[in-house]
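Structure in structure tokens, see below.
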Amino acid sequence: MEMLQTLFAKLVNYETISYLVVGVLTTVISIGVFALCYRKAKFGTVVSNIISWIVAVAFAYVANKIFVFQSPSWELSVIIPEIIGFVSARLLTLGFDVVFVYVTVEKLHWNDIVSKTTSNVVVMIVNYIASKLFIFA
């Protein structure tokens, strides 16, 4: 029982809850921008995905810095390495996201929103690990 309480305390705390909230907001922004670009502007899946990624990453950096990892400094000597690390980690997950959405929508004919949502769940988990261990450590 004590082991379960310890695990629960590690998983349910301010940082993980706030990361989930920011992650959900980032996902909503990403999916919303993707849908606007893909469905309304009629951009292809790759272009729509990249535009949604840029908007979502900008939002996510600021929200994670302020609310999740509470990195207080806005000095260039602090934010430059943070931004480089943040964007680098997200570029890796962008590669996964673009390939996954392209294959599932264009080749497997999945619903675009289902595909994008599925991809974003995986991306959110990987990005949390990268942020926690390397970027805002």
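For residue 57, are the conditions met, namely being touching a residue at least 40 places away in the same chain (Cβ under 8 Å), surrounded by 18 or more Cβ atoms within 10 Å (Cβ to Cβ), within 25 Å of residue 137 (Cβ to Cβ) and among the β-branched types (Val, Ile, Thr)? Give the steps one after another, and end with the answer.
On the way: touching a residue at least 40 places away in the same chain (Cβ under 8 Å): no; surrounded by 18 or more Cβ atoms within 10 Å (Cβ to Cβ): yes; within 25 Å of residue 137 (Cβ to Cβ): yes; among the β-branched types (Val, Ile, Thr): yes.
It is false that residue 57 is touching a residue at least 40 places away in the same chain (Cβ under 8 Å), surrounded by 18 or more Cβ atoms within 10 Å (Cβ to Cβ), within 25 Å of residue 137 (Cβ to Cβ) and among the β-branched types (Val, Ile, Thr).
Take the residues in segment 121-137 that are among the β-branched types (Val, Ile, Thr) and under 14 Å from residue 93 (Cα atoms); name whichever of them is surrounded by the most Cβ atoms within 10 Å (Cβ to Cβ). Show your work before the answer.
Of segment 121-137, the ones among the β-branched types (Val, Ile, Thr) are 121-123, 125-126, 129, 135.
Next cut, under 14 Å from residue 93 (Cα atoms) only: 121-123, 125-126, 129.
Details: 121: 10, 122: 13, 123: 23, 125: 12, 126: 14, 129: 10.
It comes out as 123.
Does residue 51 satisfy the criteria of being of a type outside the set (Gly, Ala, Ser) and touching a Lys or Arg at 6+ places or on another chain (Cβ under 7 Å)?
When the stated conditions are applied, residue 51 does not pass them.
Name the one entry in 101, 28, 46 that is at pLDDT below 95, in contact with a Lys or Arg (Cβ under 8 Å, 6 or more places away or on another chain) and not charged (D, E, K, R). Reasoning before the result, please.
Details: 28 fails: in contact with a Lys or Arg (Cβ under 8 Å, 6 or more places away or on another chain); 46 fails: in contact with a Lys or Arg (Cβ under 8 Å, 6 or more places away or on another chain).
Of 101, 28, 46, the one residue that is at pLDDT below 95, in contact with a Lys or Arg (Cβ under 8 Å, 6 or more places away or on another chain) and not charged (D, E, K, R) is 101.
Looking only at segment 106-120, how many residues end up being modelled with pLDDT of 85 or more and surrounded by 12 or more Cβ atoms within 10 Å (Cβ to Cβ)?
Initially, segment 106-120 is screened for residues modelled with pLDDT of 85 or more, giving 106-119.
Among the residues that remain, those that are also surrounded by 12 or more Cβ atoms within 10 Å (Cβ to Cβ) are: 106, 110, 112-113, 115-119.
Qualifying residue count for the region: 9.
Write out, first by first residue and then by second, each pair whose Cβ atoms fall under 7 Å of each other, whose residues are 6+ apart or on separate chains, and whose first residue, in segment 4-18, is farther than 20 Å from residue 131 by Cα and modelled with pLDDT under 80 while the second is part of a helix (DSSP H, G or I) and basic (Lys, Arg).
Matching pairs, first to second residue: none at all.
Would you check which residues across segment 30-42 are without any contact (Cβ under 8 Å) to a residue 40 or more places away in the chain and crowded, with 18+ Cβ neighbours inside 10 Å and list them?
If the condition is that a residue be without any contact (Cβ under 8 Å) to a residue 40 or more places away in the chain and crowded, with 18+ Cβ neighbours inside 10 Å, then 33, 37 are the ones that fit.
The values are calculated or read from the model by the stated rules, or taken from the named source; none is laboratory data. Not measured: the values here are computed from a predicted model. No Cβ is skipped: glycine too gets one built from the backbone with ideal geometry, and neighbour counts run over all protein chains shown.
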